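Notes follow once the structure below has been shown.
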């Protein structure tokens, strides 16, 4: 038989449940906030890495298996980008590849589906890769709109370099 509490005393049996009910919304908000912040950082790092890897491939010395120089190998540049972009759901249309002269004027690009870039590349020109990503909240506790992440990386194309006398 259970003992009834005496008048003026608090029954401790429900106290833990009440405290838990008061703390759980704050705790969940904190946990989900940390998860979303981690996802935001991850997505940003993937978008930056995608842009850098594509620009690095396009600026490097060398040729692909078909003998096309890396800076003109549009398919290879996109493939280098897609190796990382798949982690954040970045589509091929979100990757822009452009070529710039030393003065900053754009003279060509690599649209999706193209295999070769422009042949007008001269010493000192740059390849510029722009990647657009989006951060989408997974738990719409607070209605947060999609957050765009826009990263551009430019590198000088290394070509016509010889080593030795």
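Is it the case that residue 125 is in contact with a strand residue (DSSP E or B) (Cβ under 8 Å, 6 or more places away or on another chain), modelled with pLDDT of 85 or more and surrounded by 11 or more Cβ atoms within 10 Å (Cβ to Cβ)?
Values: in contact with a strand residue (DSSP E or B) (Cβ under 8 Å, 6 or more places away or on another chain): yes; modelled with pLDDT of 85 or more: yes; surrounded by 11 or more Cβ atoms within 10 Å (Cβ to Cβ): yes.
It is true that residue 125 is in contact with a strand residue (DSSP E or B) (Cβ under 8 Å, 6 or more places away or on another chain), modelled with pLDDT of 85 or more and surrounded by 11 or more Cβ atoms within 10 Å (Cβ to Cβ).
Pairs meeting the criteria (first residue in region 93-113 and closer than 12 Å to residue 75 by Cα, second residue part of a loop (DSSP other than H, G, I, E, B) and at pLDDT below 85, beta carbons under 6 Å, at least 6 apart or on different chains) are 110/117. Within region 135-160, being crowded, with 16+ Cβ neighbours inside 10 Å, over 18 Å from residue 60 (Cβ atoms) and touching a strand residue (DSSP E or B) at 6+ places or on another chain (Cβ under 7 Å) holds for 135, 149, 151.
Kindly indicate whether any position in region 62-78 is at pLDDT 90 or above and within 21 Å of residue 42 (Cβ to Cβ). For region 62-78, residues at pLDDT 90 or above and within 21 Å of residue 42 (Cβ to Cβ): absent. Looking only at residues of region 101-110 that are over 17 Å from residue 68 (Cα atoms) and part of a loop (DSSP other than H, G, I, E, B), we find that the one that is modelled with the lowest pLDDT is 104. Across region 62-77, which residue is surrounded by the most Cβ atoms within 10 Å (Cβ to Cβ) among those that are under 27 Å from residue 150 (Cα atoms) and more than 22 Å from the chain's Cα centre (by Cα)? The selected residue is 71.
Scanning region 85-100 for residues that are outside any strand (DSSP E or B) and in contact with a strand residue (DSSP E or B) (Cβ under 6 Å, 6 or more places away or on another chain), which turns out surrounded by the fewest Cβ atoms within 10 Å (Cβ to Cβ)? Before you say what the answer is, go through the steps one by one.
We begin by selecting, within region 85-100, every residue outside any strand (DSSP E or B); these are 85-94.
This time we only want the ones that are in contact with a strand residue (DSSP E or B) (Cβ under 6 Å, 6 or more places away or on another chain), so: 88, 90, 94.
Working: 88: 21, 90: 23, 94: 19.
Among residues in region 85-100 that are outside any strand (DSSP E or B) and in contact with a strand residue (DSSP E or B) (Cβ under 6 Å, 6 or more places away or on another chain), the one surrounded by the fewest Cβ atoms within 10 Å (Cβ to Cβ) is 94.
The values are calculated or read from the model by the stated rules, or taken from the named source; none is laboratory data. The structure presented is a predicted model; accordingly, all values stated were derived computationally and were not measured. As a convention, Cβ positions derive from the backbone with ideal geometry for all residues, glycine included, and neighbour counts pool all protein chains shown.
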